[in-house]
1. Name the most mobile residue of S70, S129, S18, meaning the one with the largest mean-square fluctuation, in a Gaussian network model of the chain with Cα contacts below 10 Å.
2. In degrees between 0 and 90, to the nearest 10, how far off the longest principal axis of the chain does helix 2-39 point, with axes built from Cα atoms?
3. Along the Cα→Cβ direction, 7 angstrom out, place labels at L108 and K122. What is the inter-label distance in nm?
4. Ignoring GluC sites (Glu not before Pro) that are buried or in helix or strand per DSSP, and keeping those with at most 10 other beta carbon atoms within 10 Å, what is the longest stretch of the chain between them?
5. Which whole-percent values make up P(r) of the stretch 50-137 when all C-alpha to C-alpha distances are grouped in 10 Å steps starting at zero?
6. If you average 1/r across every pair of different Cα atoms in the chain and take the reciprocal, what Kirkwood value do you get, in Å?
7. Which links in K16/K140; K27/K140; K16/K177; K16/K167 stretch past 30 Å when you go from one Cα to the other?
8. How many percent of the accessible area of the stretch 124-213 is carbon or sulfur, using a 1.4 Å probe?
Amino acid sequence: MDILRSYAQSVEVQVKTSITEYHARRKDWEDELTELLQSEPHPEEPDFEHAGLKGHVKDLEDVFEEYFPSLQRSSALAAIYSAFENELNRLCDLVQSAVGSGLRFQDLNGNGVERARNYLIKVGGFDLSAGEREWNAITKIREVRNCFVHADGIVKEGDRTITAYTKETTLLTLHRKKLELQEGFLEEVISALLRYCEVLARAAAARFSDGNL
């Protein structure tokens, strides 16, 4: 979790650096526009270029202040969630060895973190009933992750889970059916994953009190 938190923080540094560089470039454009307005009464707005992209000021503003930051954060979200899922699968392998079961987590129906959780409960004997609130947070994060991975962040009509989630936090916004991740969302994700890891740790300690896990 410390590694993932450091990664999330580095992504935010990259986002801020990119926005700062854009603002500095935009200041040059504004000076150019001022000179143009002084020389021509009704000039046609020119295209400007930054980081290989050309467009009007407003178009580039949307790209560098909204689209790119959300794209960077959604890519980081996918990586962080994938790392969490892999660790859960590793835990399932450890549990399989500890209980001596011939059933692997891959043998269960479903996939991802839900399959791993079911394995820990059904095969590993983990009591996770006390972690329902923490698990609900994981499922909401999963829905957001899936929305970006499978639908480019476009929320389907009637998706109540994500729509409700956007109303619970200011770190996740919905603009014209498009999800946008704000600064702090990745940190919130890391905290939620950590809380569920603590639930798993307590359940593992209770199940394997002899320390054989």
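1. In this elastic network of the chain, the residue with the biggest mean-square fluctuation among S70, S129, S18 is S129.
2. Orientation of helix 2-39: about 10 degrees from the principal axis.
3. Between L108 and K122, the label points sit 0.7 nm apart.
4. Values: sites that count: E44, E157.
Value returned for the longest uninterrupted segment is 45-156.
5. With a bin width of 10 Å, the distribution comes to 15, 31, 20, 13, 13, 7, 0.
6. Numbers: mean 1/r = 0.0498 Å⁻¹.
Over the chain, the inverse of the mean reciprocal pair distance is 20.1 Å.
7. K27/K140
8. 48
The values are calculated or read from the model by the stated rules, or taken from the named source; none is laboratory data. Since the model is a prediction, treat every value here as computed from it, not as a measurement. Backbone-built Cβ (ideal geometry, glycine too); neighbour counts: all protein chains shown. Heavy atoms of the whole protein, side chains included, go into the accessibility calculation; ligands, DNA and RNA do not. Shrake-Rupley method; radii C 1.70, N 1.55, O 1.52, S 1.80 Å.
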